[in-house]
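Just so it is clear, none of the values below were taken in a lab; they were calculated from the coordinates. Keep in mind it's a predicted model, so treat the numbers as computed, not measured. Cβ sites come from the backbone with ideal geometry, for glycine too, and all protein chains shown count toward neighbours.
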Amino acid sequence: MNVSLTEVIQATSVLLVFVTLLFGLKYPENIRDLNMKKPLAGECAIRDFRKELIKRFVVNNLPQIVLFGITGYIFLPTFCDLIASTKFSIWNFEFLPTTFFCIVIWVWWLFLWVLQLSVRLIYKIIKCK
């Protein structure tokens, strides 16, 4: 199936809006989760804190990892075809391929950012033993 770049961008525009909105809504919660202080005493309190962090990981981080990963994966074949068939030029560039290139880089950058925040939260959960 031969799909044009315009069709790919149109078909995925709603998905892009959704994942961007999700990132914007969940980012403050992700930072709050990372800044939560571990209870100083009480085995029960530390166990409850760890359970809360696991719950927050599943609710806040996991959906973002999955959605950004799926979105990046959806763009990957078209992105590879675009890289293989487009000549790179700093000044005389084609608008649509360059825009798509920026969108894909942006999606993968956000995916890596969410992944990094998630790894930090997992590390915090592991340290709570």
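Using unit Cβ charges (K, R positive; D, E negative) and no other charged atoms, how large, in debye to the nearest 20, is the dipole of segment 5-127 about its Cα centre?
Using only the charged Cβ atoms, the result is roughly 800 debye.
Pairs on different chains or at least eight residues apart, Cα atoms closer than 30 Å: how many lysine pairs in the chain fit?
Within the chain, the lysine pair count is 23.
Output ³J(HN,Hα) for segment 53-63: one whole-Hz value per residue in order, computed from phi by the Karplus curve 6.51 cos²θ - 1.76 cosθ + 1.60 with θ = phi - 60°, and x for Gly and Pro.
Whole-Hz 3J(HN,Hα) from phi for segment 53-63: 5, 5, 4, 5, 4, 5, 7, 9, 8, 4, x.
Rounded to whole Å and sorted largest first, what semi-axes of the equivalent ellipsoid does the C-alpha gyration tensor of the chain yield via the square root of 5 times each eigenvalue?
Largest first, the chain gives 40, 13, 11 Å.
Full-extension gain between PHE95 and ASP81, please, as 0.36 nm times their residue separation minus the C-alpha to C-alpha distance.
3.4 nm is the gain from fully extending PHE95 to ASP81.
Find the percent of Cα-Cα distances in segment 18-61 that exceed 17 Å, and round it to a whole number.
38
In nm, to one decimal, how far is the GLU43 label point from the LYS55 one, both placed 7 Å along Cα→Cβ?
Modelled inter-label distance: 2.2 nm.
Normalised by the residues of the chain, what does the relative contact order come to in percent, with Cα pairs under 8 Å and at least six apart? Walk me through the intermediate numbers first.
Working: 70 pairs, mean separation 50.9, N = 129.
Value for the chain: 39 percent.
Please name which of PHE79, ILE105, ASN92 has its Cα lying farthest along the dipole of segment 5-127 towards the positive end, using unit charges on Cβ (Lys, Arg +1; Asp, Glu -1) and the Cα centre as origin.
Final value for the positive-end residue is ILE105.
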